[in-house]
Structures are given as C-alpha cells and as structure tokens.
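Taking it in order: structure first as structure tokens, then the write-up.
The values are calculated or read from the model by the stated rules, or taken from the named source; none is laboratory data. Just so it is clear, the model here is predicted, and its values are computed rather than measured. Glycine also receives a Cβ, built like all others from the backbone with ideal geometry; neighbour counts cover every protein chain displayed. All accessible areas refer to the heavy atoms of the entire protein, side chains included, with ligands and DNA or RNA removed. Shrake-Rupley method; radii C 1.70, N 1.55, O 1.52, S 1.80 Å.
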Amino acid sequence: TLNDVFTCEVQLFDGESFGAAYTTSIQAVNQVPEVTVVELSPAVPTSQDSIVATALFSDPDGDLVTLEYLWTLNGVAQAEASNMLSGPFTPGDIIAVEVTPFDGVTYGSSYITSNLEVINTAPENPTVELIEITDGYQCRTTETPSDVDGDVVQVTVAWSCDGQSLSSHSNYGQFSSQIGQIEYPMDFIPTALLSNCFLWQCSIDVSDGQASSGFVFSNLVIP
C-alpha cells in the first residue's frame with residue numbers, strides 16, 4: 001500500500017554472542033498509470049458524425065484511474081472534456097485528442113492520437129414518387145434535394161422499361177432552392193407509351209460532386 005514502510009533488521013551472531021543490530025527501511029511509493037492506446041471512431045468521420053475516443057490503460061498498483069481528455073480541432077483546444085467530441089464539423093477539419101491518466105496521486109504520460117480528417121457527407125437518399133399527370137406519369141422527389149454541407153447538388157433521373165434502360169423521355173425545368181438555382185430533370189413517361197412495358201421504374205440520384213445518395217427507385221406496374 002502507498003506509504004507503507006518496510007524495515008529489515010540484521011544482527012550478527014558468532015555462536016556465542018550477538019553483535020550490534022543494523023536496520024534499514026524503505027517506503028512504498030506510487031507507480032504511475034499508463035494509457036497504452038487510444039482509438040477514435042468512426043475512423044473515417046463525416047461532417048455530421050460525433051467522434052468517440054476509447055482508451056486502454058493500466059495501473060501497476062491497481063488504483064482507480066480517471067482519464068482527462070483534451071480535444072483539438074484544427075489545432076485549437078476545445079472546451080469538451082469528455083471522451084466524445086460532437087459534430088457537426090466542416091469537411092477537411094482535423095481532429096485529435098490527448099488523453100492523460102490520473103490515479104488520484106500521480107498523472108501518467110499523455111497519449112496523443114494521430115490526426116483524423118473529416119470527410120464530406122453524401123446527400124441523403126431522396127424519396128421518389130410517380131405522379132400521374134395529364135399526359136402520363138412524372139418521376140420526382142417529394143422535397144427539394146439539398147446537402148447538409150451546403151454543397152450545390154445535381155439530380156439525375158433515369159428510367160427503365162421491364163429492366164432495360166430508357167433515357168429518351170426528359171423535360172428540364174428550373175426551380176429555386178436554399179442553395180441556389182439547380183437544374184432538375186422533370187422526367188415523365190407519356191401515356192401513349194405506358195402499354196409498351198409491364199414494369200416502369202424510375203430512379204433518382206442526388207450528388208454533391210464528391211459523393212452521391214445512390215439511385216433510389218420507384219415502380220409502376222401497368223395492369
């Protein structure tokens with residue numbers, strides 16, 4: 001136990017009489033705790049993620065260890081003192097954390113992680129619907145496509161007829177959104193063509209130039 005004193009006494013004896021006694025003492029001292037590794041997750045964070053630090057540590061004395069966290073964002077210390085730094089962030093931000101163990105008596109050496117770079121967040125998947133209009137069916141999203149990072153988005157609409165790609169039925173319109181003017185294909189299938197296929201399928205993809213939502217589909221079965 002910390003501060004325990006161990007004493008050793010030695011006395012010489014020649015078989016007939018004892019000589020002088022000699023003693024020496026030593027006091028137990030605290031051993032410092034150690035952080036062995038710190039992992040940040042997710043390993044490839046997007047701008048909307050929160051970063052969590054998971055630390056492995058040990059203490060030779062078996063003391064209760066607390067961990068202190070110092071987060072940096074682009075080299076600037078943050079006020080957050082827990083093991084999680086909450087987003088949102090900006091793509092390109094650099095994040096790191098310094099973790100220091102304390103056993104109630106002594107601080108151990110700090111562990112500093114490698115830098116983690118925040119990447120772009122892809123646009124959310126659109127909700128796709130087929131709307132019956134005067135001269136056919138129109139494929140569109142239920143709301144204005146947007147991007148959480150504020151990037152300008154491009155919308156792509158594609159049709160397939162019984163599983164085969166069809167790209168000859170497109171009108172283009174302009175509408176305003178919070179991120180400015182974007183061109184949105186108001187694709188439609190004319191009524192005269194509907195009987196040509198049993199299954200019409202339209203799909204919409206939203207891209208911010210770096211990542212895309214992936215095509216989201218809506219089906220129309222012709223009876």
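Less than 12 Å Cβ to Cβ from Phe217, Lys/Arg counted +1 and Asp/Glu -1: what total charge do the surrounding residues give?
Details: positive: none; negative: Glu129, Asp205.
Value of the local net charge: -2.
For the chain, list the cysteines whose Cβ sits under 4.7 Å from no other cysteine Cβ?
Cys8
Given labels modelled 7 Å from the Cα in the Cβ direction, how far is it in nm from Val152 to Asn74?
With each label point 7 Å from Cα toward Cβ, the separation is 2.3 nm.
Hey, if we sort Val206, Val148 by accessible area with the 1.4 Å probe, largest down, what's the order? Kindly include the intermediate steps, with their values, before the conclusion.
Numbers: Val206 5, Val148 80 Å².
Correct descending sequence by accessible area is Val148, Val206.
Lys/Arg Cβ at +1, Asp/Glu Cβ at -1, dipole of the stretch 45-148 taken about the Cα centre: which of Val128, Gly75, Phe102 is farthest positive-ward?
In the stretch 45-148, that residue is Gly75.
Quick check: at a probe of 1.4 Å, how many percent of the accessible area of the stretch 1-111 sits on carbon and sulfur atoms? Intermediate values should be presented prior to the final figure.
Values: 3800 of 6950 Å².
Answer for the stretch 1-111: carbon and sulfur cover 55 percent of the accessible area.
Mind ranking Ile131, Ile26 by accessible surface for me, highest first, 1.4 Å probe?
Details: Ile131 45, Ile26 110 Å².
Accessible-area ranking of Ile131, Ile26, largest first: Ile26, Ile131.
Taking only protein heavy atoms and a 1.4 Å probe, what accessible area per residue, in Å², does the stretch 113-163 have with all protein chains in place? Working shown, then result.
Details: 2730 Å² over 51 residues.
That works out to 54 Å² per residue.
For the stretch 24-100, what is the accessible area per residue in Å², given a 1.4 Å probe and the full set of protein chains?
Heavy-atom SASA per residue in the stretch 24-100 reads 54 Å².
Hey, got the dipole for the stretch 1-142? About the Cα centre, +1 on K and R Cβ, -1 on D and E Cβ, debye to the nearest 20? Please report the intermediate quantities before stating the final value.
Numbers: 1 positive and 20 negative charges, 77 e Å.
Approximately 360 debye in magnitude.
What is the sum of charges, Lys and Arg at +1 and Asp and Glu at -1, for the other residues whose Cβ falls under 13 Å from the Cβ of Leu194? Walk me through the numbers before you get to the answer.
On the way: positive: none; negative: Glu132, Asp135, Asp162.
Every neighbour counted, the sum reads -3.
I'm spelling it out carefully: the read-out is Cα Rg over 2.2 N^0.38 Å, the candidates are [x] 1.09; [y] 1.22; [z] 1.97, and one was derived from this structure. Which label?
[z]
Quote the accessible area belonging to Tyr22 in square angstrom, nearest 10, computed with a 1.4 Å probe and with ligands, DNA and RNA left uncounted.
Roughly 140 Å² of Tyr22 is accessible to a 1.4 Å probe.
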